[in-house]
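Read the structure below first, then the notes.
We did not get these values from a lab; they are worked out from the coordinates using the rules stated. All values reported here derive from a predicted model rather than from experimental measurement. Here the Cβ is made from the backbone with ideal geometry for all residues, glycine too, and neighbour counts use every protein chain on show.
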Amino acid sequence: MKQVTLPGGERVPALGMGTWNIGDHRHTRAEEIATLQLGLDLGLRLIDTAEMYGEGLSESLIGEAIKGRRDEAFLVSKVYPHNASRKGAVAACERSLRRLGTDRIDLYLLHWRGDVPFEETMEAFMALRQAGKIRHFGVSNLGLADMDELWEVPGGDEVAANQLLYNLSRRGIEFDLLPWLRERDVPVMAYSPIEQGRLLRNPGLQHLAQSIGSSPAQVALAWLLSRDDVIAIPKTGNRERLRENFAALDLVLTAEQLAALDKLFPPPRHAQPLSML
Ligand code: NAP
């Protein structure tokens, strides 16, 4: 399976599993758990969550799904900005660990920038890492100016990822932020890689996918997977769609197909404000 190298050399699958809205409803719970377990069976080890998702419901469901097979998963969770203080981040992390039913989170992210100074958050993250409660730390939704600032703070240049909105219809980061991260070997975790499903209704993408004999989701994911340092984390609570998304790993887009996608979804020609969902 295609892997992405984190700073420090650890390798993680380039295709992971998102879990926003997973665990919110009783009637979908069994299928959601079965989907995450199927993902692990297939080797999609990276599971992305956050304390925010269902205010802990997503983390609890993941805890249930990985019971007895914790070592097969690479768990990513995120702290709310208002909890990202020296003490608050430690307490939030401990709550996440309890819900996930584990003693460590593999990658712990600041969900977005809030009022707590970066110094404090990095201090908390380094203390958590020292205590073995997290293995790596990183950030999410930080733009170029934020990253410049973070880099100057102790620990700031040790972030293992920046999780960002990135898909065919949201290419703004390619202009400046992606090259900046690339220069520093910081991988991007592309969230909402199919734009929460909306991208799949694009007629041009549908047409191209049909001509390749793939689905629009597979083409959108394969496009992200064609980059060396991008981890895509589509969310699905359905085993059939998980298998469909998994097959994107086998789809290698040709130069002509990539050029056709550039025509449909042109790369940015100037700096753009960071998009978030
Ligand atoms: P997404 O992965 O782009 O899309 C998810 C939606 O698409 C769901 O409604 C899902 O429905 C549907 N879907 C998935 N595969 C499909 C397929 N093959 N065909 C048709 N529909 C499909 O959006 P997302 O959930 O916003 O983003 C992914 C993950 O990124 C999140 O779950 C979360 O872990 C993370 N995220 C992070 C941030 C951040 O601020 N850091 C923000 C947003 C998201 P079904 O479940 O019914 O299949």
Under 25 °C and 0.890 mPa s, how fast does the range 1-111 diffuse according to Stokes-Einstein, given a Kirkwood radius computed over C-alpha pairs? Answer in µm²/s, whole number. 173
At a 10 Å Cβ-Cβ cut-off, how would you order 80, 191, 108, fewest neighbours first? 80, 191, 108
How would 116, 76 line up from fewest to most surrounding beta-carbon atoms within 10 angstrom? 116, 76
As a check on your grasp of the helix formula, calculate [θ] at 222 nm for the chain: sum -39500 (n - 2.57) over DSSP H runs of n ≥ 4, divide by the residue count, round to the nearest 500. -11000 deg cm²/dmol
Sorted by Cβ neighbour density within 10 Å, fewest at the top, the residues 27, 111: 27, 111
Fully extended contour minus Cα-Cα distance, from residue 180 to residue 240, at 0.36 nm per residue: 17.9 nm
Could you run the Karplus curve 6.51 cos²θ - 1.76 cosθ + 1.60 with θ = phi - 60° over the range 266-277 and give me ³J(HN,Hα) per residue in whole Hz, x for Gly and Pro? x, x, x, 9, 8, 4, 10, x, 5, 8, 9, 10
Let's see if you can work this out: charge +1 on each Lys and Arg Cβ, -1 on each Asp and Glu Cβ, no other charges. What is the dipole magnitude of the chain about its Cα centre, in debye to the nearest 20? 760
Suppose a student asked you for the relative contact order of the chain, using Cα pairs under 8 Å spaced at least 6 residues apart; what percent would you report? 20
For every other residue with a beta carbon closer than 15 angstrom to the beta carbon of residue 265, add +1 if it is Lys or Arg and -1 if Asp or Glu, then tell me the sum. +4
If you take the alpha carbon radius of gyration of the range 11-264 and divide it by 2.2 N^0.38 Å, what ratio comes out, to two decimals? 1.00
Take every DSSP beta bridge with both residues inside the range 11-264 and express the antiparallel ones as a percent of the total, to the nearest 5. 5
